[in-house]
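This report concerns only the one structure given below.
The values are calculated or read from the model by the stated rules, or taken from the named source; none is laboratory data. Because the structure is a prediction, the values reported are computed rather than measured. Cβ atoms come from the backbone with ideal geometry, glycine included; neighbour counts cover every protein chain shown.
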Amino acid sequence: MLRYISAGESHGPCLTGIVEGLPANVPLEVEEINRQLARRQQGYGRGGRMKIEKDRVEITAGLRFSRTTGSPLSFLLHNRDYENWREKMDPVGKAPKGLEAVTRPRPGHGDLAGGLKYRQEDLRNILERASARETAMRVAVGSAARLFLREFGLHIYSHVTAIGGVEAPPLALSHEEAEARAEASPVRCAHEGASREMVARIDAAREEGDSLGGIFQVVALGVPVGLGSHVQPDRRLDGRLAQAFMSIQAVKGVEVGLGFAAAGLPGSRVHDEIFYDGEKGYYRKTNRAGGLEGGITNGAPLVIRAALKPIPTLLKPLRSVDMATRQAFSAQVERSDTCAVPAGAVVGEAALAWELARAFLEKFGGDSLEETGGNYRSYLEYLQGR
Ligand code: EPS
C-alpha cells in the first residue's frame, strides 16, 4: 500500500512529508523532484512569496545513493520565508508580547469555518495549514510517484485551457506538441493567441487588485488497461481522482474525458466504439471517456480537467466581520497571487501521478522494482494473447 502524510505551515520552518510503500530499488533523482518543484513555482500571475522561496527537497530517509530502500521516505522542504516569521510562528516557547491575533476571516478561505470548528481565537492557526503552500509537498511526493511510473513508460503532462474567461480553442495537436507549447507558455497554455490574452487578462486583474481562476487539463500517457476497479466505490479510479483533484486548494470542479459536456449529448456521440485488429488488439477511434470506464483504466490516455476558483486573497477589499468585535470591516491585503492556475496544473500532474502509482501498486504489488516489473510484464504478456 502506497501512502503519505504531510505536515507544515505556510510560514512555519518547513514542510515535512513521509511516504511509505514505494518498492525498493526505484531510482529517485532529487534534481528531477527539484525540477518539478521549480515548475510549480512558475507561471504568470504568481505573487511576491514566490520570489522568496526556492523549493528544494531534502530527503532524509528511505533513500540510499539515489535508490529507494523500501523503508519510509522522509521529505523536507524549508520555508525561506520563515526567517521573516520566526517571531510569529515559532513552534516552541511563548507567544511574544503584543502578538496580534488574526481575527478577520477572509471570504473564500477556511478561516471562519476552521476557527469555529477548532476553537481558535487566532485564525492564523487555521490559515497557515489551509494555505496552498502545502501543495509544494504534494508536488514533491507526486514527483517520486512519477519517477516510479516512469520506469513503466507512463508519462504525465498538463496544459491550461482557460484563465479568467479567456478560453483556448480546442487543439488539434499531438500530445508531444501540446506539452512542448504548454511548457513554453508563461501561463502553460498550448495556444499562443489565447496565452497572450490570458497574460493580458492577468495584468488587468492585478491592476484592479482582483484575482482570476481558470481550467487546466492533465493527461497521462502509457497507462495500461486495468488500473482501478468497478467492484467497490472506493476502488473506482475516477472517484479517487476526483478526490485527489478536488482537494487541491481552490479547485471547484473536476471532469473526466468529456465531463460536463457529455450531459448534453446523445449517447451515440458520447461512448467510444470498440474495434479489434489482429495486431493492435482492442482499440478505439475516440477517447471521450478520458481513459476510464467502470472506474477502470481502459488503455487510452487519461484526461482530467479541473476548474479553479479565483484565489480568495484579494487586494480588492471584500466585506467580512471581525470575530473579536463582531464589527463589519473590509480588509485590504498586502500580498497575494493574482492567478495560480498554471501552478495548479503542475499540482494536478502530481496528484494524478500519486493516484496512478497507488493504483499501479495495488494491481502489480512488489517489494522491489524488479518484482513489480516482473508482475507487470507477465500481465502485459497475458494481454497480448487477448
Ligand atoms: C497562499 C498565499 C501566498 C501564496 C501561497 C499560498 O503566500 P503568502 O501568504 O506567504 O503571500 O504564495 O503559496 C505558496 C507559499 C506556495 O508555495 O505556493 C495561500 O494563502 O494559500
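Going through region 207-235 one residue at a time, which ones are within 23 Å of the chain's Cα centre (by Cα) and among the charged types (D, E, K, R)?
Passing the criteria: Asp234, Arg235.
For region 122-139, give me each residue that is more than 8 Å from the ligand (Cβ to nearest atom), of a type outside the set (D, E, K, R) and surrounded by 22 or more Cβ atoms within 10 Å (Cβ to Cβ).
Keep residues of region 122-139 that are more than 8 Å from the ligand (Cβ to nearest atom), which gives 122-126, 128-129, 134, 137-139.
In the following step, the residues that additionally are of a type outside the set (D, E, K, R) were identified as 123, 125-126, 137, 139.
Within region 122-139, Leu123, Ile126, Met137, Val139 qualify.
Identify all residues within region 372-386 that are at pLDDT 95 or above and farther than 12 Å from Val225 by Cβ; write none if there are none.
Residues satisfying the conditions are Thr372, Gly373, Gly374, Asn375, Tyr376, Arg377, Ser378, Glu381.
Quick check, is Tyr4 within 15 Å of the ligand (Cβ to nearest atom) and among the hydroxyl-bearing types (Ser, Thr, Tyr)? Spell out how you get there, then give the answer.
Numbers: within 15 Å of the ligand (Cβ to nearest atom): no; among the hydroxyl-bearing types (Ser, Thr, Tyr): yes.
Spelling it out, it is not the case that Tyr4 is within 15 Å of the ligand (Cβ to nearest atom) and among the hydroxyl-bearing types (Ser, Thr, Tyr).
Which pairs have Cβ atoms under 7 Å, sit 6 or more apart or on different chains, and link a residue in region 28-51 that is hydroxyl-bearing (Ser, Thr, Tyr) to one that is assigned to a loop (DSSP other than H, G, I, E, B) and more than 12 Å from the ligand (Cβ to nearest atom)?
Sorted first by the residue in region 28-51, then by its partner, the pairs are Tyr44/Pro186; Tyr44/Val187.
Within region 351-358, can one find any residue that is among the hydrophobic types (A, V, I, L, M, F, W, C) and within 16 Å of the ligand (Cβ to nearest atom)?
Taking region 351-358 and keeping what is among the hydrophobic types (A, V, I, L, M, F, W, C), we get 351-354, 356-357.
Still in the running and within 16 Å of the ligand (Cβ to nearest atom): 351.
Yes, some residue in region 351-358 is among the hydrophobic types (A, V, I, L, M, F, W, C) and within 16 Å of the ligand (Cβ to nearest atom).
Only helices (runs of 4 or more DSSP H) wholly contained in region 9-117 count here; list those with 2 or more residues that are on the phi < 0 side of the Ramachandran plot, within 16 Å of the ligand (Cβ to nearest atom) and aliphatic (A, V, I, L, M).
Details: elements: 30-41, 49-52, 86-89, 111-117.
Once the helices (runs of 4 or more DSSP H) in region 9-117 are filtered for at least 2 residues that are on the phi < 0 side of the Ramachandran plot, within 16 Å of the ligand (Cβ to nearest atom) and aliphatic (A, V, I, L, M), what remains is 30-41, 49-52, 111-117.
Take region 286-339 and flag every residue that is more than 16 Å from the ligand (Cβ to nearest atom), over 28 Å from the mean Cα position of the chain (by Cα), on the phi < 0 side of the Ramachandran plot and of a type outside the set (Ser, Thr, Tyr).
Hits for region 286-339 are Pro317, Arg319, Val321, Asp322, Met323, Ala324, Gln327, Ala328, Phe329.
Quick one: Phe360 ticks every box in (1) of a type in the set (Phe, Trp, Tyr); (2) exposed (fewer than 14 other Cβ atoms within 10 Å of the Cβ); (3) under 24 Å from Ile33 (Cβ atoms) except a single one, so which number is it?
It fails just one condition, (2).
Gly214 passes all but one of (1) crowded, with 20+ Cβ neighbours inside 10 Å; (2) modelled with pLDDT under 95; which number fails?
Only one criterion is unmet by Gly214, namely (2).
Could you grab the pairs with beta carbons closer than 7 Å, sequence gap of 6+ or different chains, first residue in region 133-152 and part of a loop (DSSP other than H, G, I, E, B), second one among the hydroxyl-bearing types (Ser, Thr, Tyr)?
Listed by first residue and then by second, the contacts come to Phe152/Tyr376.
(1) assigned to a loop (DSSP other than H, G, I, E, B); (2) over 21 Å from the mean Cα position of the chain (by Cα): which one isn't true of Arg188, the others all being true?
Unmet condition: (2).
State whether one or more residues within region 269-288 are at pLDDT 95 or above, surrounded by fewer than 20 Cβ atoms within 10 Å (Cβ to Cβ) and in contact with a His (Cβ under 6 Å, 6 or more places away or on another chain).
No, the conditions are met nowhere in region 269-288.
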